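Participant: First the structure, which I've put down as structure tokens, then a few questions once you've had a look.
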Amino acid sequence: MFTKEYFPGIEPIKYTGPATENHLAFRYYDENYVVDGKTMKEHFRFAMAYWHSMCNAGSDPFGPGTRAFPWDISNNPMENSKAKLEAAFEFMSKMSIPFYCFHDRDIAPAGDNIRESEKNLKELVDLAGQYQEKTGIRLLWGTANLFSHPRYMNGAATNPDFQVVCHAGAQVKAALEATVALGGENYVFWGGREGYSFLMNTDMKKELEHMGRFLQMARDYGRKIGFEGTFLIEPKPMEPSLHQYDFDAAAVLGFLHKFGLEKDFKLNIEANHATLANHSFAHELQTAADAGLLGSIDANHGESLNGWDTDNFPTNLYEAIEAMIVVLETGGLGTGGFNFDAKLRRNSTDLEDLFIGHIAGMDTFARALLIAEKLLNDIRIMDFRDNRYLSFKEGKGLAFENDELSIEDLTSLAEKAGEPELQSGKQELIESIINGAI
Ligand code: XUL
Ligand code: CO
């Protein structure tokens, strides 16, 4: 199937159970294992993030990349892109990762003008389609990189210069076409540089209106060319802009409703973005799920000791358990999945490290799924949560929920009933039950 092997010596990764000492094997992720009526493969729909896994050699503001990619074979960017694509499908096949996600510029280099960029993208999309057919691997989502090119330094859809907005439109149009051509199940908008750093040179209201209009146009075009999947917005509070417009799930929900986008758009929640917003991952997932708009997940983990987006592979079991409880309770992610928006540390330089990072992430979530299922069947937790709201089940509490009481009624009921008895929240008990389940 492949003309060349980019990860020689690495055999397809297999499930061998928790006892194995083989670091190139799954301990918990058994794709055919059924939990709550679905296989693990169906629960997670794991995806590889093209930008981190295939494009990010480890550069940071203090130095260049540390990893030499075997797919950087020539000085011709198109040749390299083709080799990279082949390597990506070899990697995903060996990992049994069923999906991938990309930005337009991850899979094909920009040209000197819009036409050339589109031509490059089409050529790589055609090839990707062939690899998809051969391997059965599918596209979870496509997106456009509207943040790297200098023209987007003041934003894309929210740029004060209309000519930049036009370029952003051209790029999104082509990325939507690429996504449709590859049968992509979602299309993502992460805000990129949609935000600002200085209010005195920014008309925030105008910029947000432009963003609303831009997303409506993108949705309409997507639907026109046959995109039946889900549009996703990925909230993030800061970085690269000081103030990002899509700060968190709550801000995005308000925005979607204001611009009539809530029927076509859902949220793509990223763990590290949640914690940057001073929320927990589970809080952001629950906020989206409660609105019926939890679409997909960028699975990673942030360092707690610094204030930026470190995109570690997710190995925090406790955080993953809390996430899986929300995902199971809301009935899964529909067209979405778990995309590893995660990168190796700069000093992880062995070729096998990319496998180990993904294995660790998949095992963390698989184990979290097993534990979450156990906890959701634990009446000590679930009945306790339900029973905390027992006073709303009947009588005046129910009347309150049904809009049948006024604030005067509340006053007279309070006077009549007197001081309520204190009801413990039992947090320590629940935490120790969770620890017991691990
Ligand atoms: C940036 C980020 C992006 C999006 C896709 O923090 O998460 O990689 O996931 O544009
Ligand atoms: Co992301």
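The values are calculated or read from the model by the stated rules, or taken from the named source; none is laboratory data. Model, not experiment: these values are computed from the prediction. Virtual Cβ from ideal backbone geometry, glycine too; neighbours counted across all protein chains shown. When the accessible area is computed, the model is the full protein with side chains, heavy atoms only, and any ligands, DNA or RNA have been set aside. Shrake-Rupley method; radii C 1.70, N 1.55, O 1.52, S 1.80 Å.
Participant: Go through the residues of region 356-366 one by one and say whether even a single one is more than 19 Å from the chain's Cα centre (by Cα), touching a residue at least 60 places away in the same chain (Cβ under 8 Å) and closer than 30 Å to Thr66 by Cβ.
Facilitator: yes
Participant: When you go through Thr66, Thr16 one by one, which is the residue that is farther than 30 Å from Lys173 by Cα and either in contact (Cβ under 8 Å) with a residue 60 or more places away in the chain or touching a Leu at 6+ places or on another chain (Cβ under 7 Å) (or both)?
Facilitator: Answer to the check: Thr66.
Participant: Could you say which residue among Leu215, Leu242 is open to solvent by 60 Å² or more (accessible area, probe 1.4 Å), aliphatic (A, V, I, L, M) and within 16 Å of ligand 1 (Cβ to nearest atom)? Lay out the reasoning, then the answer.
Facilitator: On the way: Leu215 fails: open to solvent by 60 Å² or more (accessible area, probe 1.4 Å).
Unique residue meeting the criteria: Leu242.
Participant: Moving to a separate point now. With the condition being open to solvent by 50 Å² or more (accessible area, probe 1.4 Å) and away from ligand 1 (no atom under 13 Å from the Cβ), I'd like the helices (runs of 4 or more DSSP H) fully within region 259-359 carrying at least 3 qualifying residues.
Facilitator: 281-290, 317-329
Participant: Could you grab me the full set of residues in region 111-141 that are open to solvent by 30 Å² or more (accessible area, probe 1.4 Å), under 24 Å from Val172 (Cβ atoms) and touching a Pro at 6+ places or on another chain (Cβ under 9 Å)?
Facilitator: Matches in region 111-141: Arg138 only.
Participant: Identify the single condition in (1) open to solvent by less than 100 Å² (accessible area, probe 1.4 Å); (2) outside any loop (DSSP other than H, G, I, E, B) that Arg380 does not satisfy, given that it satisfies every other one.
Facilitator: Going through the list (1) open to solvent by less than 100 Å² (accessible area, probe 1.4 Å); (2) outside any loop (DSSP other than H, G, I, E, B), Arg380 breaks only (1).
Participant: Which residue pairs have Cβ atoms under 6 Å apart, sit 6 or more places apart or on different chains, and have a first residue in region 263-274 that is in the same structural domain as Phe189 (by TED's automatic domain parsing) and a second that is of a type in the set (Phe, Trp, Tyr) and more than 12 Å from ligand 2 (Cβ to nearest atom)?
Facilitator: Asp264/Phe231; Phe265/Phe231; Ala271/Phe281; Ala274/Phe281
Participant: Still on this structure: Give me a count of the residues in region 112-142 that are among the basic types (Lys, Arg) and either touching a strand residue (DSSP E or B) at 6+ places or on another chain (Cβ under 9 Å) or touching a residue at least 40 places away in the same chain (Cβ under 8 Å) (or both).
Facilitator: So the count comes out to 3.
Participant: If I ask for residues that are among the aromatic types (Phe, Trp, Tyr), out of contact with any Ser or Thr (no Cβ under 6 Å at 6 or more places or on another chain) and either free of Cβ contacts under 8 Å to residues at least 60 places away in the same chain or open to solvent by 50 Å² or more (accessible area, probe 1.4 Å) (or both), which ones from region 143-188 would you list?
Facilitator: Within region 143-188, Tyr152, Phe162 qualify.
Participant: Looking at the structure I just gave you, is Arg193 open to solvent by 60 Å² or more (accessible area, probe 1.4 Å) and within 16 Å of Val164 (Cβ to Cβ)?
Facilitator: For Arg193, the condition - open to solvent by 60 Å² or more (accessible area, probe 1.4 Å) and within 16 Å of Val164 (Cβ to Cβ) - is met.
Participant: Next up: Can you pull out the residues in region 1-56 that are in a strand (DSSP E or B), of a type in the set (D, E, K, R) and in the same structural domain as Pro77 (by TED's automatic domain parsing)? Can you show your working first?
Facilitator: Here is the first cut: in region 1-56, the ones in a strand (DSSP E or B) are 14-15, 25-26, 34-35, 38-39, 47-49.
Then drop every residue that is not of a type in the set (D, E, K, R), which leaves 14, 38.
If the condition is that a residue be in a strand (DSSP E or B), of a type in the set (D, E, K, R) and in the same structural domain as Pro77 (by TED's automatic domain parsing), then Lys38 is the only one that fits.
Participant: Taking Pro8 as the residue in question, decide whether it is open to solvent by 70 Å² or more (accessible area, probe 1.4 Å) and in contact with a helix residue (DSSP H, G or I) (Cβ under 9 Å, 6 or more places away or on another chain). Steps first, answer last, please.
Facilitator: Details: open to solvent by 70 Å² or more (accessible area, probe 1.4 Å): yes; in contact with a helix residue (DSSP H, G or I) (Cβ under 9 Å, 6 or more places away or on another chain): no.
In short, no.
Participant: Hey, another quick one. Take residues that are modelled with pLDDT of 95 or more, away from ligand 2 (no atom under 16 Å from the Cβ) and not aliphatic (A, V, I, L, M) and tell me which of the helices (runs of 4 or more DSSP H) falling wholly in region 64-146 contain 2 or more.
Facilitator: 77-95, 114-135
Participant: Hey, any hits in region 243-256 for a residue that's within 16 Å of ligand 2 (Cβ to nearest atom), in a loop (DSSP other than H, G, I, E, B), in contact with a His (Cβ under 7 Å, 6 or more places away or on another chain) and over 24 Å from Leu139 (Cβ atoms)?
Facilitator: Yes; the residues of region 243-256 include at least one that is within 16 Å of ligand 2 (Cβ to nearest atom), in a loop (DSSP other than H, G, I, E, B), in contact with a His (Cβ under 7 Å, 6 or more places away or on another chain) and over 24 Å from Leu139 (Cβ atoms).
Participant: Looking at region 29-58, which of its residues are in contact (Cβ under 8 Å) with a residue 40 or more places away in the chain and aliphatic (A, V, I, L, M)?
Facilitator: Val35, Met40, Ala47, Met48, Ala49, Met54
Participant: Within region 198-215, can one find any residue that is over 20 Å from Asn154 (Cβ atoms) and free of Cβ contacts under 8 Å to residues at least 40 places away in the same chain?
Facilitator: Applying the first criterion (over 20 Å from Asn154 (Cβ atoms)) to region 198-215 yields none.
No.
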